[in-house]
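Scroll down for the structure; my scribbles are underneath it.
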Amino acid sequence: MNTRKNLRQIWLLGLTLIFLALLATLPLYAPTYTIILMTSILMYIVLTMSWALFSAPTGYISLAPAAFFGIGIYTSAILGTRLPLPAVILAGSLISFCLALLIGALTLRLRGIYFAMFTFGLVELIKNFWLWYEIQFTGTRGRFVIFVDNTTIYYVMLIILALLLLVTYLIRRSRFGLALRGIGECEEAAAHIGVHVNALKTATFAISAIFMGAAGAIMATRWTYVDPYVAFNPLYSFMSVLMAIFGGIGQPYGPILGAAIFAYLEEILITRFPYYYMLIFGIVLIVTVLYLPEGLIGLVANIRKRVAGGQDALA
Amino acid sequence: MTIKIIEVLITGLLMGGLYALVAVGLSLQYGVARILNISHGEFIMLGGLTTWALYTALGVNPLLSLAICGPVAFILGFVIHRTLFKRLLASSASPAIFESNSMLAAFGLMFILQNIALLIWGPEIRGYSYLVIPVHFLGTLFGANRLLTFGLALVIGLGFYLFLSLTRTGKAIRAAAQDPPTAGLMGVNINNVLALCFGLGAAMAGIAGVLISMCYPVHGVMGLEYTIIAIIVVVLGGLGSIPGSFIGGFILGLIGSVVTFFEPGLALVAYYVIFILLLLVRPTGILGR
Amino acid sequence: MPLLEGKGVTKYFGGLAAVLNVDFYVEQGEVVGLIGPNGAGKTTLFNLISGALVSQSGTIWFKGENITNLKPHAICRKGIARTFQLVRVFPNMSVLENVLMGVLFGKSDGHGRGQALEQAEKWLDFVGLSAVKGLPARSLTLANQKRLEVARALATGPELLLLDELMAGLNPTEVAQAMELVNRIREQGITIFMVEHVMTAIMGVCGRIMVLHHGEKIAEGTPQEIATSRTVIEVYLGE
């Protein structure tokens with residue numbers, strides 16, 4: 001059983017590396033349109049996966065991605081002209097990280113739905129405060145962001161994703177991955193067998209924010225003009241949650257699958273049929289919650305089990 | 001100066017009345033049925049836009065719309081609970097899992113209702129004028145529509161309160177809120193009561209939407225804003241308590257009008273600051289258990 | 001110096017004293033029983049020792065060190081493990097992973113992966129659950145879930161084990177097995193402090209018994225003394 005598990009892991013690792021390599025060569029032969037599309041898909045994968053990094057094992061539904069994403073966006077808008085691009089992205093992730101540490105420490109007592117409400121309120125608070133600040137002190141609602149070419153944006157996003165994959169893998173195979181699941185299943189029991197629950201929750205939450213901030217910092221350069229409504233749009237939080245749940249949060253590739261499918265759907269539908277796109281989104285979400293508690297990957301696993309039939313039961 | 005103060009206070013109270021009505025439905029849905037209904041605001045939006053459509057296309061008096069939107073929203077809510085949330089309740093392993101799942105399902109509902117409305121009515125901001133007659137009141141001027149909606153909000157809220165405290169159905173709802181298993185043993189049909197609650201919550205939202213459309217413009221994406229206000233009021237006043245909703249609504253309305261008086265841009269900021277502080281300090285609400 | 005000692009430990013819920021001014025001690029190598037009617041404050045006392053609750057006054061020492069109001073994980077790492085009155089296994093993890101958590105985060109962390117697995121398997125073997133190690137914990141019977149909790153607690157490497165109603169809800173055969181398990185744990189050199197309602201069990205395995213009533217300690221002594229104590233009989237049979 002153990003060797004089979006190891007084989008499977010090596011197989012997955014190889015597949016991931018091949019995928020990343022293919023993605024890395026994409027700009028050499030693909031048209032610009034594909035690069036832009038792939039950047040959007042990668043962005044959603046980063047947001048969804050980093051959401052899942054904390055929320056999937058612990059069961060705490062965070063609606064804060066939009067806050068960290070927006071912080072990244074504004075770091076880019078403010079520092080973009082003053083610092084080189086890598087420093088801007090680093091700054092975006094660092095500020096998000098620090099804010100997440102603070103929020104994590106503040107919300108340790110909040111369980112279940114109150115945590116979701118808090119994180120949601122936080123996004124709206126930052127958005128409205130920042131809106132007021134901009135109008136009051138800069139006199140305009142929005143800001144221009146430095147221009148970065150599409151290929152660079154694509155590569156930066158790809159690097160962020162690669163790092164995120166690495167961190168997800170490292171956390172999952174470490175004892176902390178197990179402990180995070182323990183927190184999700186019974187927080188109290190985890191604490192009584194020696195897990196420093198508060199520190200682990202806060203640290204993981206903050207690590208997940210790093211990638212959201214980085215993604216925001218680089219995406220801002222593509223939009224060239226941002227305002228608080230765009231940057232702190234709660235839809236980014238909702239999307240992360242919904243895409244992850246749709247894909248299935250039991251495995252890291254579930255959120256990837258969910259994000260990839262919906263990011264692609266968004267790209268082809270949202271300009272021409274925005275309302276239908278969101279309508280489909282809502283329907284899919286309800287169907288997922290009702291009938292696919294383990295998401296797409298759960299469905300796939302079930303079908304495979306049924307196809308394999310008795311064979312698997314014997315093994 | 002005193003005139004100014006009176007004006008700020010009355011504005012706050014008028015807003016508070018509407019906020020209370022906005023929150024009552026959500027309070028019931030979360031307090032009893034344990035569903036944090038993120039799509040609550042969409043029912044408000046549907047009420048508002050339907051009223052607008054009926055008024056502009058057929059000249060239907062908004063007061064008549066109350067009698068249309070309330071029952072229709074009730075049926076919609078009842079059916080949604082019967083088909084969606086009842087099934088979720090049965091498939092969720094624990095109350096905490098049901099709360100998460102039902103919140104996610106409510107997100108789905110939000111997207112569905114909002115975009116159906118956008119497909120029908122488009123994204124434009126709609127408004128109509130109804131009873132925009134200035135009324136002199138304690139040396140200040142207010143639109144008759146504002147005063148009417150305030151009065152209606154109070155009457156409807158009181159009626160709802162009496163319904164819950166005096167009727168048999170109301171008592172069953174309160175029993176279910178406090179102790180579902182025991183209420184079930186005492187012969188209360190829990191699934192019916194929960195669906196009833198969800199339907200009543202939706203009806204209150206629809207009614208609030210009608211009243212809101214009498215004073216403020218309405219549009220397809222207004223829902224979330226009102227959902228948030230409802231959540232804040234519920235957190236302020238405590239879950240499942242109707243007097244709490246009114247107290248919370250008035251507090252929020254007053255804070256809103258005072259902050260608006262000093263710095264209009266910070267009113268929403270103030271709401272969220274209160275919301276977040278409350279969650280941190282007293283998540284069960286100032287009047288909560 | 002006792003292994004565990006408490007002086008004047010007090011906990012109020014609202015205005016109600018759940019544990020009031022209780023002194024207690026557990027010597028190295030003892031099996032001490034804690035009994036009392038429902039609501040006497042037994043579980044509350046365990047929660048205070050293990051850090052799940054914060055006490056209002058009083059001091060608790062472990063090996064001479066003040067551990068009052070430390071966080072649960074810190075207390076576990078000092079060498080006090082516990083089980084729960086209502087079982088709290090990690091339902092969707094495998095039986096082996098449940099115990100592995102204890103090994104990886106308990107008192108003696110810093111294992112390599114292989115070593116940790118070995119340890120976990122050893123403890124599963126000790127409680128007799130090796131055969132089901134791959135199953136999710138939720139699929140076990142209540143008796144086995146309780147064994148799993150014991151294995152998980154033992155895996156943290158404790159010197160003192162708090163057992164909260166290990167035998168509640170078990171049938172007579174299972175109770176006998178659990179008693180045998182308690183004896184074997186003591187043979188490992190682990191001190192045991194246990195809350196129990198099953199009297200035959202507590203009389204059979206404990207060297208000393210403490211009785212709580214309305215949050216106060218009303219008696220203490222050997223099983224013989226407790227069984228014949230007038231106050232204790234009155235408390236149990238009603239005044």
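A few points about this structure:
- Span from the the range A:94-163 Cα centroid across to the the range B:202-241 one, whole angstrom: 27
- Fewest-first ordering of B:Met45, B:Met1, C:Met1 by other beta carbons within 10 Å of each residue's beta carbon gives B:Met1, C:Met1, B:Met45.
- The range A:161-175 - phi-based ³J(HN,Hα) in whole Hz, Karplus 6.51/-1.76/1.60, Gly and Pro as x: 5, 4, 5, 4, 4, 4, 5, 4, 4, 4, 5, 4, 8, 7, 5
- Applied to the range A:113-121, the Karplus parametrisation 6.51 cos²θ - 1.76 cosθ + 1.60 on θ = phi - 60° returns per-residue 3J(HN,Hα) values of 5, 5, 5, 4, 4, 4, 5, 5, x Hz, with x for Gly and Pro.
- Relative contact order computed over the range A:1-127 (Cα-Cα under 8 Å; 6+ residues apart), in percent: 27
- Relative contact order [Cα under 8 Å, 6+ residues apart], the range A:27-240, whole percent: 47
- Taking label points 7 Å from Cα along the Cα-to-Cβ direction, B:Thr2 and B:Ile75 give a separation of 5.4 nm.
- Computed FRET value (nearest 0.05) for C:Tyr236 with B:Ile68, which takes r as the C-beta separation and R₀ as 51 Å: 0.15
- Computed helical MRE - 222 nm, the protein assembly as shown, DSSP H runs ≥ 4 contributing -39500 (n - 2.57), nearest 500: -22000 deg cm²/dmol
- Charge sum, other residues only, whose C-beta stays under 10 Å from C:Thr141's C-beta, Lys/Arg counted +1 and Asp/Glu -1: +1
- Only aspartates and glutamates eight or more places from A:Lys127 in sequence, or on another chain, were considered; those with a Cα closer than 17 Å are A:Asp227, B:Glu225, B:Glu263.
- Between B:His136, B:His40, B:His81, the residue with the greatest mean-square fluctuation in the GNM of chain B (Cα pairs under 10 Å linked by springs) is B:His136.
- For C:Lys42, the lysines whose Cα falls under 30 Å of its own Cα, not counting residues fewer than eight places away in the same chain, are C:Lys7, C:Lys11, C:Lys63, C:Lys71, C:Lys78, C:Lys107, C:Lys146, C:Lys217.
- Whole-angstrom gap from the range C:1-62 to the range C:104-174, using each part's C-alpha centre: 25
- For a label point 7 Å along the Cα-to-beta-carbon line of A:Tyr229, residues of the range A:139-155 with backbone N under 14 Å: A:141-143
- Neighbour-count order for B:Leu236, A:Leu83, B:Leu141, fewest beta carbons within 10 angstrom listed first: B:Leu141, A:Leu83, B:Leu236
- Hits among lysines - C-alpha to C-alpha of B:Lys86 under 22 Å, sequence gap 8 or more where chains match: B:Lys171
- Taking the Cα centre of chain A as origin and assigning +1 to Lys and Arg Cβ atoms and -1 to Asp and Glu Cβ atoms, the resulting dipole is close to 580 debye.
- Computed from backbone phi, the HN-Hα couplings of the range A:127-143 come to 4, 5, 5, 5, 4, 5, 4, 4, 5, 5, 10, 10, x, 10, 7, x, 9 Hz, rounded to whole numbers (Karplus: 6.51 cos²θ - 1.76 cosθ + 1.60, θ = phi - 60°; Gly and Pro given as x).
- Most mobile of A:Ile303, A:Ile218, A:Ile41 in a GNM of chain A (Cα contacts under 10 Å): A:Ile303
- In the elastic network of chain C, a GNM with C-alpha springs shorter than 10 Å, the most mobile of C:Leu48, C:Leu96, C:Leu142 is C:Leu142.
- Taking the Cα centre of the range A:82-226 as origin and assigning +1 to Lys and Arg Cβ atoms and -1 to Asp and Glu Cβ atoms, the resulting dipole is close to 100 debye.
- As a length-normalised measure over Cα pairs under 8 Å and 6 or more apart, the relative contact order of chain B settles at 41 percent.
- Relative to the Cα centre, the charge distribution of the range B:2-281, modelled as +1 at Lys and Arg Cβ and -1 at Asp and Glu Cβ, gives a dipole magnitude of about 580 debye.
- By the count of neighbouring beta-carbon atoms within 10 Å, fewest first, C:Phe62, A:Phe137 end up ordered A:Phe137, C:Phe62.
- Remark on C:Ser57: its backbone amide H falls under 5 Å from those of C:Thr10, a criterion applied only to residues 5 or more positions apart or on other chains, H modelled at 1.01 Å from N.
- Charge tally in the Cβ shell below 14 Å around A:Tyr275, where Lys, Arg are +1 and Asp, Glu are -1, A:Tyr275 excluded: -2
- Net charge over other residues, Cβ less than 12 angstrom from the Cβ of C:Arg208 (K, R count +1; D, E count -1): -4
- Between A:Thr32 and A:Arg82, the modelled labels are 3.1 nm apart [label points 7 Å from Cα along Cα→Cβ].
None of the figures in this text is laboratory data; all of them are computed from the coordinates on show. Values in this document were obtained by computation on a predicted structure and should not be read as measured data. Backbone-built Cβ (ideal geometry, glycine too); neighbour counts: all protein chains shown.
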